[in-house]
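The values are calculated or read from the model by the stated rules, or taken from the named source; none is laboratory data. On a predicted model such as this, the values are computed, not experimentally measured, just so you know. Please note: Cβ atoms are built from the backbone with ideal geometry, for glycine as well, and neighbour counts cover all protein chains shown.
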Amino acid sequence: MDAPSSLAESGMMSRSSTATLVALLLAATIAVPNLGAAEYTQQENIVYGHKDGLGLLMDVFTPRKQNGAAVIWTVSGGMNSSRRAISRITKFPGFRALLDKGYTVFAVMHGSQPRFALEEIVKDMPKAVRHIRFHAKPYGIDGDRLGVTGRSSGGQLSLYLATAAEGANPDAEQPIDRVSSRVQAAVAYFPGTDMVHFGKQETTILEHFRSRGMKADATFDFHKWSPETSRFERVTDRREQLKFYRDLSPITHITPDDPPVLIIHGTVDKIVPFQQGEVFQAKLKKAGVPSELFVAKGKNTAGANRSMANLRPSSAGSTAICSIKSRNWQSAWPSGVVDKTGRYVKVPPDPMKESKLSNPRPVPVNVFAVIS
């Protein structure tokens, strides 16, 4: 009997058939104009999919002047997702600045714990991406210019989406399932990345949370379908539990074709250890995936958010962020620059001899830009 579907950076740029550009605003506290009600519209409770007969919802924020690109904001904290959280997100200056720059923002809510465990939660974000891409034209966006971002568990789900999402499947029964669930960029604030070695070797994420007096058991209450009993049975064997942790960790799914990634993490974060950002970025680099880890020294979770206001290109010019002015993009990628057409190009030994390149220079940083 078949199991039911559910229980109730630095290196080569990622490849794609067309050159696309996605920019994700990162600054948590930058000066931006106040946006009045006329500057954007908000559509609430758009159904992007279903789970156990229930609708999965998102809000769509459409700026008055769309630039064609979109940011998927993973609404999540402690693997909980709610309308109240959307209300908080909309107060972030960075969120409003995205709209001011013309980005359509999809605030996606996922199934929450304790009703759903992690192995079910991770299935929701790909559904959202497929819905958005499938309906790109009505939303007024380019379906191949999608970025994803999130904080804490939202960052973890964003990275899982960036690394584990599937490409187009032309043989899928439903037309919407034939489009890709992949994104072109990911930005994650203090995300969990390796749930088997969380903070230190051989310590799972649940063990870490328990040691800090945090209740997170429901998120990691894994079950497997049993043909014998025709129901989901709780996983109690340690080896099987570790397999779930491993399979659901973003770090497990890193491959060279993953999209560029930026991680922001505080060095004294006690909830999600800084080690999580370090090991993930190291593996991205080994795989040749463009990536950057912004280190918020001496900062915890809240401090990592605030320190983005002071973000600047590194002295080596390798901070993977850039500023947007009109369509003339200037990039601080260490191995290349972005020309005036928006294409990423490698820097030759003497870039001044290459007239087709933009002149790379330090730039004010409030936008993370990637080319794929």
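Details
- Qualifying positions in the range 174-212 - of a type in the set (D, E) and either outside any loop (DSSP other than H, G, I, E, B) or modelled with pLDDT under 95 (or both): D177, E202, E207
- Only one of the listed residues (V122, V179) is of a type in the set (V, I, T) and closer than 17 Å to P250 by Cβ. That residue is V122.
The rows are residues; the columns are (1) of a type in the set (G, A, S); (2) more than 20 Å from the chain's Cα centre (by Cα); (3) closer than 30 Å to Q66 by Cβ.
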site	(1), (2), (3)
K123	no, no, yes
A128	yes, no, yes
D142	no, no, yes
G154	yes, no, yes
E207	no, yes, no
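Okay, residues lined up against (1) within 17 Å of A97 (Cβ to Cβ); (2) modelled with pLDDT of 50 or more; (3) surrounded by fewer than 20 Cβ atoms within 10 Å (Cβ to Cβ); (4) of a type in the set (V, I, T):
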| residue | (1), (2), (3), (4) |
| --- | --- |
| A19 | no, no, yes, no |
| A23 | yes, no, no, no |
| I30 | yes, no, yes, yes |
| Q42 | yes, yes, yes, no |
| I46 | no, yes, yes, yes |
| G53 | no, yes, yes, no |
| L57 | no, yes, no, no |
| R64 | yes, yes, yes, no |
| T74 | no, yes, no, yes |
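- Verdict on R178 being more than 21 Å from A296 (Cβ to Cβ) and out of contact with any His (no Cβ under 6 Å at 6 or more places or on another chain): yes
- The set of residues in the range 166-203 that are buried (at least 16 other Cβ atoms within 10 Å of the Cβ), in contact with a Ser or Thr (Cβ under 8 Å, 6 or more places away or on another chain) and farther than 14 Å from V272 by Cα comprises Q184, A185, A186, V187.
- Meeting the requirement of 2 or more residues that are among the basic types (K, R), the helices (runs of 4 or more DSSP H) wholly within the range 53-139 are 83-89, 124-134.
- Failed condition for Q276, given (1) within 18 Å of A185 (Cα to Cα); (2) in contact with a strand residue (DSSP E or B) (Cβ under 9 Å, 6 or more places away or on another chain); (3) not in a strand (DSSP E or B): (1)
Matching residues to (1) closer than 18 Å to A185 by Cβ; (2) among the hydroxyl-bearing types (S, T, Y):
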site: S87; (1), (2): no, yes
site: L98; (1), (2): yes, no
site: A107; (1), (2): yes, no
site: A117; (1), (2): no, no
site: K127; (1), (2): no, no
site: G147; (1), (2): yes, no
site: G154; (1), (2): yes, no
